[in-house]
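The values are calculated or read from the model by the stated rules, or taken from the named source; none is laboratory data. None of the values given here were measured: they were computed from a predicted structure. All Cβ positions, glycine included, derive from the backbone under ideal geometry; neighbour counts span all protein chains shown. Only protein heavy atoms, including side chains, enter the accessible area calculation; ligands, DNA and RNA are left aside. Shrake-Rupley method; radii C 1.70, N 1.55, O 1.52, S 1.80 Å.
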Amino acid sequence: MSEPKPNLVGGDWVAGDAAPNINPSDTTDIVGLYARASAAQTRMAIDAAKAAFPAWSRSTPLERHAVLRAASDEILARKEELGQLLSREEGKTLAEGIGETVRAAQIFDFFAGEALRLTGEVLPSIRPGVGVEITREPMGVVGIITPWNFPIAIPAWKLAPALCYGNTVVFKPADLVPGCAWALVDILRRAGLPDGVLNLVMGRGSVVGQTIVDNPDVAALTFTGSVPTGAALAAKSAQLMRKVQLEMGGKNPFVVLADADLDVAVDCVINGAFFSTGQRCTASSRIIVEEAIEGAFLDKMTERMAGLRVGNALEPETQIGPVVDESQLSQNEKYIEIGQDEGARLVAGGERVSRDTEGYFQMPALFADCNNQMRIAREEIFGPVAAVIAVKDYDEALSVANDTEFGLSAGIATTSLKHATHFKRNAEAGMVMVNLPTAGVDFHVPFGGRKASSHGPREQGRYAAEFFTTVKTAYTMA
Ligand code: UN1
């Protein structure tokens, strides 16, 4: 076993209590040891970011471009190795792991370009002789707290804009997946970031996360994770008058109308509900089907599900990797029981299965005969479990789709322009998909939702500037 991977504080790699990073496809495989930062080290990281801010905030666009560009190039050049590390530590398939790595490279490439396109506005005042300039300035120290389900893409889409717009960063990746985060920070440091601009503090939410959240020197905080954690973090941030950006849960509906191309609909549901083992906040978990085609839809779904290959994420034929850990798998199993107790009919999957290696394998599960009041239709499970709800027509489908505390993504399969257009306008979600899965988004356009799913400005694309900068209006009498 190699030396534990250290944290990065003010340009120095610092050791700490080491914890094993375990492969969920094979729990005898230790991906590596990673240091967990203490509260004191986390405070030092915040101090270092604060000290590095004046110089980095005044760095030239070309300096920032060069770092982000070099990071993009290295990620892309190492996509097989990093994709494999990702699949090994998180459990998504190798194809998904490499795909996510490429996406991270594309995100750095996009923000490398944005660094060269920083703009403002110059306009006349309403007063004679006075000029007005509107500029964007970086926020200062940005806290970045990321989840385990996208170990490289979510860090990328928070780190790249933070650095692009001249902020300094304290970055806490999820305790379950420090491997990709460490690799990314190592790449960025070697890409030429000055000491203290990016600090890595791996470890537990209760120690590292809490220290970041409680520190008033953290001017802005971006978080992807659960609703209760997001709410606690927002409450503390409100006390400190700190800017926050929260991406939380989903209970995303996918509507299948009677006029849909059923093959398209089934493809969307298989992908949206079960790929990445259902561990996406954009996953489709409520499948709302017009009753006229419910039977045909269920037949096609169960046929497709019977052929899905669940197994070790690193084996090329695997289509669905393991659940991330034992506690998530037990939670998924608990929801299978809850669904059955509530009277839903389990038409496929749900059982824990064994493979050649010791891992957390579960067959994707489909419930039929559900209604939208059941817990399996209201609570985010975050696993490969979907609930089919039959409705009589489009109007009922839309009202069921919107009857949820969440509002991240909503999808529809239809060949009707009228219904597609109406759904795009009336779905209460931040992202709407027509004849496409609810999950799997582009990197150059805004990402985010409504209601309990999201809070604060959008992530990704040019809209990221709303969170990572603050606006200044300057008046000059000349
Ligand atoms: C996607 O569906 O492509 O945590 C991205 C999540 C989301 C990312 C989803 N923030 O699942």
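Odds and ends about this structure:
- Rounded to the nearest 20 debye, the dipole size of segment 29-102 about its Cα centre is 440 debye, using +1 on the Cβ of Lys and Arg and -1 on the Cβ of Asp and Glu.
- Given charges at beta-carbon only (K, R positive; D, E negative), |dipole| of segment 319-478 in Debye: 820
- Distance between the modelled labels on A55 and A232, one decimal in nanometres: 3.7 nm (7 Å Cα→Cβ projection).
- Estimated inter-spin distance, D395 and A40, nm [label 7 Å along Cα→Cβ]: 6.8
- On the basis of the beta-carbon distance and an R0 of 22 Å, D325 and D12 show a calculated FRET efficiency of 0.10.
- Sorting the segments 296-303, 196-203, 380-387 by their residues' average number of neighbouring beta-carbon atoms within 10 angstrom, most packed first, yields 196-203, 380-387, 296-303.
- Solvent-accessible heavy-atom area per residue, rounded to whole Å², over the chain at 1.4 Å: 39
- Protection proxy ranking, peptides 279-288, 418-427, average beta carbon neighbours within 10 Å, highest first: 279-288, 418-427
- Long-range tail of P(r) for the chain (Cα pairs > 37 Å, %): 28
- Spherically averaged projected area in nm², based on the convex hull that wraps the Cα atoms of segment 187-227: 4.0
- Accessible-area composition of the chain, carbon plus sulfur, in percent [1.4 Å probe]: 52
- Net lengthening on full extension, Y475/R117 (0.36 nm per residue, minus Cα-Cα): 126.6 nm
- Model label points for A306 and I30, set 7 angstrom from Cα along the Cα-to-Cβ axis, are 4.4 nm apart.
- Span-like helix ranges in the chain, DSSP H, alpha carbon extent 30 angstrom or more, Kyte mean at least 0.0: 94-115
- Considering only alpha-carbon pairs that sit under 8 angstrom and 6 or more positions apart, the relative contact order computed for the chain is 18 percent.
- Think of the chain as a dipole: +1 on every Lys or Arg Cβ, -1 on every Asp or Glu Cβ, centred on the Cα centre; then among A234, A390, S284, A234 lies furthest on the positive end.
- Of the residues A265, P4, I376, the one whose Cα sits farthest toward the positive end of the charge dipole of the chain, with +1 on the Cβ of Lys and Arg and -1 on the Cβ of Asp and Glu, is P4.
- Cut-off 11 Å between beta-carbons: net charge of the residues surrounding E90, Lys and Arg +1, Asp and Glu -1: -2
- Cα-centre dipole for segment 177-320 with unit charges at Cβ (Lys and Arg positive, Asp and Glu negative), debye to 20: 880
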